[in-house]
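Some notes on the structure that comes next.
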Amino acid sequence: MNAFNIITDPPCRWAVMWLLAGGLFLTGKALVRHRMKLQDHSIWPRWKTAAWYLLWPGMNVADFARARQGRRPSLTFAIGKIALGTFLLWGVARHFAHPLAAGWCGMTGLILLLHFGIFDLLAIFWQSFGYRASPIMNAPITSLSISEFWGRRWNSAFRDLTHPLLFVPAARRWENTSALWLSFAISGLAHELVISVPASAGFGLPTLYFLAQALGITLEKRAFPKHAKRPASPLTRWIFTHTFTALPAFILFHPPFVERVMLPFFHTIGALP
């Protein structure tokens, strides 16, 4: 079997996913680094450039370049999230009879293990050498607005990539609302590449999810104005926020992706029998 057949064979769709995700990640790094060079002519040592590309998931190259402290995560919590993610992925997921339930349990464990746990450990590692390397996840469950969720708490790496490269130029050319919709639409297309393309199905659903986020931000500005005489309660705002961000997640990670990509991956790594 040649290399092309190996990566396009259905059981190896997960390999295509990881290759596409890695390609997007490195492309984003290159774009951000190029933008920094245009603004700042200081030259990094080669080892630092390689470390930023390969050993740090964040995209804010300017902050990483500065030798000052970032928000330091708790080592205990980082280890705890790794332990919980490992337990969900290799210990709990296999006990679900329904494949989608097993897949979602495994994906939850994988996100806790990687994005919340290992990435926190990397932040602690770099901060121990004096670099500003704030963790990319900042308690997203506590978000009280969709803007706060995407702007400050969920995956700051993606925000640091899309905000300067997409939102700011679009806002200068048109206005903030158009820039908001454009940024989320392109975010949706990027996720189509990593989610729907490997699954060969579900096209349009990740884009629909991200367009729903733009709609949610537009609605929340009207429903919860900053200077309202009677501000909505934190609980109301929390429910509104996660109705848009968490509940439609099944549209983003649609069933064909779970069944055709993630379940075979979990079988390969021994998380599922």
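A short reminder: the numbers here are calculations on the coordinates, not readings from a lab. Being a predicted model, the structure only gives us computed values, none of them experimental. Please note: Cβ atoms are built from the backbone with ideal geometry, for glycine as well, and neighbour counts cover all protein chains shown.
Near SER196, once Lys and Arg are set to +1 and Asp and Glu to -1 for all other residues with Cβ below 14 Å from its Cβ, the sum equals 0. Long hydrophobic helices in the chain, taken as whole DSSP H segments with a C-alpha length of 20 Å or more on their own axis and mean Kyte-Doolittle hydropathy at least -0.5: 13-39, 176-191, 205-223.
Placing a pseudo-label 7 Å from each Cα along the Cα-to-Cβ vector at ILE111 and LYS48 gives an inter-label distance of 3.4 nm. Taking one quarter of the surface of the C-alpha convex hull of the chain gives a mean projected area of 17.1 nm². Other residues lying with their Cβ under 14 Å from the Cβ of LEU88 contribute a combined charge of +2, Lys and Arg counting +1, Asp and Glu -1.
The fraction of Cα-Cα pairs per 5 angstrom bin, counted from 0 for the range 160-257, comes to 2, 13, 18, 18, 18, 15, 9, 3, 1, 0 percent, rounded to whole percents. Pairs of Cα atoms nearer than 8 Å and 6+ residues apart set the relative contact order; for the chain it is 23 percent.
Charged neighbours of PHE25, selected by a Cβ distance under 15 Å, balance to +2 (K, R count +1; D, E count -1). Inter-part distance, the range 82-107 to the range 173-248, computed on C-alpha centroids, equals 27 Å. Per residue, the chain reaches -16500 deg cm²/dmol at 222 nm when only DSSP H runs of four or more residues are counted, each adding -39500 (n - 2.57).
Stokes-Einstein diffusion for the range 112-179, with the hydrodynamic radius set to the Kirkwood value over Cα pairs and evaluated at 10 °C in a medium of 1.306 mPa s, equals 119 µm²/s. If I stretch the segment between PHE224 and ARG35 completely, what's the gain in nm (0.36 nm per residue apart, minus their alpha carbon distance), one decimal? Computed gain between PHE224 and ARG35 is 64.5 nm.
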